[in-house]
Amino acid sequence: MNIQIARDHGEMSRQAAAHIARDLRRRPDLLLGLATGATPTRAYARLAEMRAMEPSLFRRVRIVKLDEWLGLPSRHPATCETYLRENVLGPWEVARSRYRGFQSQPRDAAAECARLARWLARHGPLDLCVLGLGRNGHLLMNEPADALTAGPHVARLAPSTRAHSMVKAMKRPPRRGLTVGLADILRSRAILLLVSGRHKVAPLRRLMSGRVTTRCPASLLWLHGDVTVYCDRESSPALPRAAR
């Protein structure tokens, strides 16, 4: 696991954006899985700025939305769909034909998961998977549990996830979500984990302990051979000296 400690959130975002851009230059048709939320937003914005200097940067990239709040209308401001449309698909000018993800209001949630599983089996694995670290150690909507689900599935959300910044203002935040599974993540050719802020000190400490447990889904990243963690100083006091 390659650990990169940045001075602040802005520097972390620039480093992550540079990493993604390097991979895109090497493979223009990159299959790129993207997390949503506050942590990666500035990295995505930096990539949009880079597009002004490199108009062809995103011309062939393929984007996969990795999770979604179940039950919200797709145009609801809290959905991952809206987030990606406003922060990635629009600014990067990614055609809809090069975008895949869960529907937020499927008639049959299990069938929707099976649909994305079939698509990933045909077109995957992800070349690069960009993730955030949950307060409880989750990855996407894969919550701590005695056992984890390998592929796309309906997830019952933990209270801390239902307090996520994307939905915490809602009177009734979603209780379930749709997410790719840990096997989908671990099949990715490379993984970026972005960690920022004092509220991530505890989960980052658990991750860096090296103990692999389903009670901290992020710890399973130790089983992957190409993981880069970009974190800022606010979150990095948790890192042991050896990681610095």
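The values are calculated or read from the model by the stated rules, or taken from the named source; none is laboratory data. Model, not experiment: these values are computed from the prediction. All Cβ positions, glycine included, derive from the backbone under ideal geometry; neighbour counts span all protein chains shown. Each accessible area value is taken on the protein alone, full model and side chains, heavy atoms only, with ligands, DNA and RNA left out. Shrake-Rupley method; radii C 1.70, N 1.55, O 1.52, S 1.80 Å.
Could you please find all residues in the stretch 177-215 being in contact with a Gly (Cβ under 7 Å, 6 or more places away or on another chain) and surrounded by fewer than 21 Cβ atoms within 10 Å (Cβ to Cβ)?
Selection gives Ala183, Arg187, Arg206.
Among the residues of the stretch 37-53, what is the count of those that are hydrophobic (A, V, I, L, M, F, W, C) and without any contact (Cβ under 8 Å) to a residue 40 or more places away in the chain?
3
Here are some conditions: (1) touching a Ser or Thr at 6+ places or on another chain (Cβ under 9 Å); (2) among the acidic types (Asp, Glu); (3) closer than 27 Å to Arg62 by Cβ. Asp146 meets all but one. Which one does it not meet?
Every listed condition holds for Asp146 apart from (3).
Please give the number of the condition Ser236 fails out of (1) out of contact with any Ser or Thr (no Cβ under 6 Å at 6 or more places or on another chain); (2) modelled with pLDDT of 95 or more.
Against the list (1) out of contact with any Ser or Thr (no Cβ under 6 Å at 6 or more places or on another chain); (2) modelled with pLDDT of 95 or more, Ser236 comes up short only on (2).
Do you know which residues across the stretch 11-53 are open to solvent by 10 Å² or more (accessible area, probe 1.4 Å), over 18 Å from Leu193 (Cβ atoms) and modelled with pLDDT of 95 or more?
Selection gives Arg25, Arg26, Arg27, Pro28, Asp29, Ala45, Ala48, Glu49, Met50.
Considering only residues of the stretch 111-134 that are assigned to a helix (DSSP H, G or I) and charged (D, E, K, R), which is least open to solvent (accessible area, probe 1.4 Å)?
Looking at residues that are assigned to a helix (DSSP H, G or I) and charged (D, E, K, R), I get Glu112.
Open to solvent by less than 40 Å² (accessible area, probe 1.4 Å), among the charged types (D, E, K, R) and in contact (Cβ under 8 Å) with a residue 40 or more places away in the chain: does that describe Asp146?
no
Go through (1) under 29 Å from Cys113 (Cα atoms); (2) touching a Gly at 6+ places or on another chain (Cβ under 9 Å); (3) among the charged types (D, E, K, R); (4) open to solvent by 40 Å² or more (accessible area, probe 1.4 Å) one by one and return the number of the condition Arg172 breaks.
Here Arg172 meets the rest and fails (2).
Can you tell me which residues in the stretch 54-78 are touching a residue at least 60 places away in the same chain (Cβ under 8 Å) and surrounded by 18 or more Cβ atoms within 10 Å (Cβ to Cβ)?
Within the stretch 54-78, Arg62, Val64, Leu66, Asp67, Glu68, Trp69, Leu70, Leu72, Ala78 meet the criteria.
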